[in-house]
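Peer 1: Before we start, here is the structure in question, set down as structure tokens.
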Amino acid sequence: MAKVMFVSPHMDIQDLAMKVASQERLQHCQPILFRVVDGREVQSVAEEAKSEHVDVIIARGQQARLIKQMVEIPLVELLLTGQEMGVMVDAAKKMVQMENPSIAVVGQSNMYSDMQEFDRLFHVQLRQYFVEDSNYIEEAARQALQDGSDVILGGDIACQYAQKHGVPSMFVNSGRESIANALRQAELVALTSDRERENTAQMRALLDYSFNGIIWLDPAGRVVSMNHVAESMLDLRPGIAAGRMVDRLIPELDMEIFNEVLQK
């Protein structure tokens, strides 16, 4: 089983995620920790993920980018589907009651799927103002208004800027489909992780209970592990060989032939 942490910026996203998780058949994602955090709390939630030995993190937008920089835990990004964005674009068009409105999508590019055909499908002028850092979202929203956008779709910062300047806006919410997709991806990561743990445990058992000296190498010829019999034969202290090249431990090896074995 893999411990999963679902990080979201709003309580309503968390509530929906909890419902979706209860309906999905997640055999390898147990338990799932749900956390609602703002930008200032990302550091603490990343530290919690490390201390709780979380195996997979699900997050979106800037939170996903920051968490990826802070920890080396596998991360699944919550990506809004084309269908979810289509529903929001259609709702935005009805909200402003215009035949061909200019709609600006403002935010982090890692939150959105492809929207290239939306102009033709929904009879709108869709402009995308994507940034890599949330510190530039307000600047992107300002540019969107200067370009004559009739409505803004985005997160809290973009919506607050639009409201401040009297322009309609809609908060881009993660829906059931995008949450389910993220949970399924996390399930695949967890399944792979479980299988790796099983393989490692089997190899460890082989190493520990064999009467032969066994050295486990990576493709470069570097020692991953060795059993106590091999350590005794090579007169090595327990654990000291890990990470060392095998030809340093056994100088008598013909490395030209040995490398051919490792590579082929």
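The values are calculated or read from the model by the stated rules, or taken from the named source; none is laboratory data. Since we're looking at a predicted model, the values are computed, not measured. Positions of Cβ are generated from backbone atoms using ideal geometry, with glycine treated the same way; all protein chains shown enter the neighbour counts. Remember, those area values only see protein heavy atoms, side chains included, never the ligands or the DNA or RNA. Shrake-Rupley method; radii C 1.70, N 1.55, O 1.52, S 1.80 Å.
Peer 1: Any chance you could count how many residues in the stretch 196-220 are in a helix (DSSP H, G or I) and of a type in the set (A, V, I, L, M)?
Peer 2: Within the stretch 196-220, residues that are in a helix (DSSP H, G or I) and of a type in the set (A, V, I, L, M) number 5.
Peer 1: Kindly indicate whether Arg176 is open to solvent by 50 Å² or more (accessible area, probe 1.4 Å), basic (Lys, Arg) and in contact (Cβ under 8 Å) with a residue 24 or more places away in the chain.
Peer 2: So Arg176 passes the test.
Peer 1: Right, here's the next one. Condition (residue is touching a residue at least 24 places away in the same chain (Cβ under 8 Å) and of a type in the set (D, E, K, R)) applied to the stretch 196-211: is it met by at least one residue? If you could, list the steps in order and put the result at the bottom.
Peer 2: Here is the first cut: in the stretch 196-211, the residues touching a residue at least 24 places away in the same chain (Cβ under 8 Å) are none.
No, there is no match, as no residue in the stretch 196-211 is touching a residue at least 24 places away in the same chain (Cβ under 8 Å) and of a type in the set (D, E, K, R).
Peer 1: Only one residue in Ile32, Ile13 is open to solvent by less than 50 Å² (accessible area, probe 1.4 Å), of a type in the set (Val, Ile, Thr) and part of a helix (DSSP H, G or I), so which one is that?
Peer 2: Ile13
Peer 1: Answer yes or no: is there a residue in the stretch 49-62 that is among the charged types (D, E, K, R), surrounded by fewer than 23 Cβ atoms within 10 Å (Cβ to Cβ) and more than 22 Å from Asn181 (Cα to Cα).
Peer 2: Among the residues of the stretch 49-62, at least one is among the charged types (D, E, K, R), surrounded by fewer than 23 Cβ atoms within 10 Å (Cβ to Cβ) and more than 22 Å from Asn181 (Cα to Cα), which makes the answer yes.
Peer 1: Restricting to the stretch 35-57, what's the tally of residues that are of a type outside the set (S, T, N, Q) and in a helix (DSSP H, G or I)?
Peer 2: Filtering the stretch 35-57 down to residues of a type outside the set (S, T, N, Q) leaves 35-42, 45-50, 52-57.
After this cut, where a residue has to be in a helix (DSSP H, G or I) as well, the list is 39-42, 45-50.
Qualifying residue count for the region: 10.
Peer 1: Moving on to the next point. Please find, within the stretch 16-25, the residue that is most open to solvent (accessible area, probe 1.4 Å) out of those that are modelled with pLDDT of 90 or more and not polar (S, T, N, Q).
Peer 2: Out of the qualifying residues, it is Lys19.
Peer 1: Starting from the stretch 180-191, keep only residues that are surrounded by 20 or more Cβ atoms within 10 Å (Cβ to Cβ), then list their pairs with residues that are assigned to a helix (DSSP H, G or I) whose Cβ atoms are within a distance under 7 Å, requiring at least 6 positions of separation or different chains.
Peer 2: Hits for this filter: Leu183/Val20; Leu183/Ala21.
Peer 1: Something else: Got a sec? Which of Phe211, Phe258 is exposed (fewer than 13 other Cβ atoms within 10 Å of the Cβ), farther than 23 Å from Phe6 by Cβ and either hydroxyl-bearing (Ser, Thr, Tyr) or touching a helix residue (DSSP H, G or I) at 6+ places or on another chain (Cβ under 8 Å) (or both)?
Peer 2: On inspection, the qualifying residue turns out to be Phe211.
Peer 1: Among the numbered conditions (1) over 18 Å from Ala162 (Cα atoms); (2) at pLDDT 95 or above, tell me where Ser149 comes up short.
Peer 2: That leaves (1) as the condition not met.
Peer 1: For the stretch 58-79, enumerate the residues that are touching a residue at least 60 places away in the same chain (Cβ under 8 Å), part of a helix (DSSP H, G or I) and out of contact with any Gly (no Cβ under 8 Å at 6 or more places or on another chain).
Peer 2: The answer is Arg65, Ile67.
Peer 1: Then there is this: Out of the residues in the stretch 221-237 that are within 14 Å of Arg204 (Cβ to Cβ) and open to solvent by 50 Å² or more (accessible area, probe 1.4 Å), which is farthest from the chain's Cα centre (by Cα)?
Peer 2: The selected residue is His228.
Peer 1: Being under 19 Å from Met1 (Cβ atoms) and β-branched (Val, Ile, Thr) is the filter here; which residues of the stretch 178-206 pass it?
Peer 2: Once the filter is applied, which keeps residues that are under 19 Å from Met1 (Cβ atoms) and β-branched (Val, Ile, Thr), the stretch 178-206 yields Val189, Thr192, Thr200.
Peer 1: Also: With respect to Ser193, is the statement that it is in contact with a strand residue (DSSP E or B) (Cβ under 9 Å, 6 or more places away or on another chain), over 26 Å from Asp15 (Cβ atoms) and assigned to a helix (DSSP H, G or I) true?
Peer 2: On the way: in contact with a strand residue (DSSP E or B) (Cβ under 9 Å, 6 or more places away or on another chain): yes; over 26 Å from Asp15 (Cβ atoms): yes; assigned to a helix (DSSP H, G or I): yes.
Yes: the conditions hold for Ser193.
Peer 1: On to the next question. With respect to Val4, determine if the residue is in contact (Cβ under 8 Å) with a residue 12 or more places away in the chain, within 29 Å of Leu126 (Cβ to Cβ) and assigned to a strand (DSSP E or B).
Peer 2: no
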